[in-house]
Ligand SMILES: [Zn+2]
């Protein structure tokens, strides 16, 4: 019965083509209506463009210590993917529900909305909040705004469950994701007179070499027993473009690099080290020859990860709800670290597999949906 209701809600949710590049307002309003009908206090928070919104809602009293059920409302595009059926019409085949967003992560949102009567009961013990965001798939933009707002509020939720597809396994860590574009401006000249120019490609290469040195440091800094794979913070040189031809001193270069930090301390370490290398070493040398030379860094995205903690009440709650006693670390980025960054305990556990996410014929199985409903349903009887 509950599974039937939830399946119908999931069908509605998949019917909203809430691809990150498009508006998410229709799906947010649909979710808001359902939450309001269940007696929740609902806020729809528009972004400056007016085409996107986050939703934050509360069942129960507005007081400290609540539990946030969190998910993103946007989905990745279906362009160039070969689907067996219409990606925005839910189709059931062999116990599986197909559609874009089925596991990532409308399945979890549907399970929440299909359990609102039980969650209203659970809210008598502690407030139950809902955080449904926009633009997770393009750098967690919505969640970054939402946590800024939540951080300023007097009422502090304590716990957060992020229902990303983990096949209902418990994960209490994920690496962060930081992306930077660095532009090097030199001074062009004839290659026969290298001293008169500033070669932007050469400075970019020195910058990259410094990143390689830091990469070795990161291996040394890695805490013993780190459950990440690979265990340490990693760096990737994604793209390097620059220069004109063999015999011209390269006037410009552009570097795209990325870091997947295991904790905020590593993130700060790398940023500070590379910034001081630029300020103290590279820029003075460049400007001694060409005062107009420069290095500018554009931050494309900086999302902190979920740092595994010995004490994590959200993880312990999900252990109790699901009967598990082991938590892993996921390789993909989630919004969990953003909630942790404002003082909440966060855990990742949701229906469906990341294997199916972002691909053609994305699905969530009915069995996974049942497990998600069971976990949420047990909140009504859970104390602590
Ligand atoms: Zn997702």
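The number of residues in the stretch 359-368 that are within 15 Å of the ligand (Cβ to nearest atom) and assigned to a helix (DSSP H, G or I) comes to 1.
All of 318, 278 fail the test of being closer than 19 Å to residue 204 by Cβ and either in a strand (DSSP E or B) or away from the ligand (no atom under 16 Å from the Cβ) (or both), apart from 278.
Scanning the stretch 38-59 for residues that are in contact (Cβ under 8 Å) with a residue 12 or more places away in the chain, out of contact with any strand residue (DSSP E or B) (no Cβ under 6 Å at 6 or more places or on another chain) and surrounded by fewer than 18 Cβ atoms within 10 Å (Cβ to Cβ) gives 38, 39, 47, 51.
When residues of the stretch 92-141 are filtered for being modelled with pLDDT under 95 and either surrounded by 24 or more Cβ atoms within 10 Å (Cβ to Cβ) or on the phi > 0 side of the Ramachandran plot (or both), how many remain? So the answer is 4.
Which of the following residues is within 16 Å of the ligand (Cβ to nearest atom), surrounded by 19 or more Cβ atoms within 10 Å (Cβ to Cβ) and modelled with pLDDT under 95: 177, 160? When all the criteria are applied, what remains is 177. Taking the stretch 94-109 as the range and being more than 15 Å from the ligand (Cβ to nearest atom) and either within 15 Å of the chain's Cα centre (by Cα) or touching a residue at least 60 places away in the same chain (Cβ under 8 Å) (or both) as the test, the residues that pass are 95, 96, 97, 98. Among the residues of the stretch 296-332, those that are more than 22 Å from residue 233 (Cα to Cα) and crowded, with 18+ Cβ neighbours inside 10 Å comprise 314, 315, 316, 317, 318, 319, 321. The number of residues in the stretch 200-224 being modelled with pLDDT under 95 and closer than 23 Å to residue 294 by Cβ comes to 0.
Looking across the stretch 321-358, the residues that are at pLDDT 95 or above, closer than 27 Å to residue 95 by Cβ, within 16 Å of the ligand (Cβ to nearest atom) and not in a strand (DSSP E or B) come down to 349, 350, 351, 352, 353.
Among the residues of the stretch 60-72, the one identified as more than 16 Å from residue 122 (Cβ to Cβ) and either away from the ligand (no atom under 16 Å from the Cβ) or free of Cβ contacts under 8 Å to residues at least 24 places away in the same chain (or both) is 64. Here residue 229 passes the criteria (1) in contact with a strand residue (DSSP E or B) (Cβ under 8 Å, 6 or more places away or on another chain); (2) surrounded by 13 or more Cβ atoms within 10 Å (Cβ to Cβ); (3) modelled with pLDDT under 95 except the one numbered (2).
Return the total of residues in the stretch 4-34 being assigned to a loop (DSSP other than H, G, I, E, B) and surrounded by 20 or more Cβ atoms within 10 Å (Cβ to Cβ). Total meeting the criteria: 4.
Note on the stretch 280-295: residues that are within 19 Å of residue 208 (Cα to Cα) and surrounded by fewer than 12 Cβ atoms within 10 Å (Cβ to Cβ) total 2.
The values are calculated or read from the model by the stated rules, or taken from the named source; none is laboratory data. Please read all numbers here as calculations on a predicted model, not as lab measurements. Because the Cβ atoms are built from the backbone with ideal geometry, glycine has one as well, and the counts that use them run over all protein chains shown.
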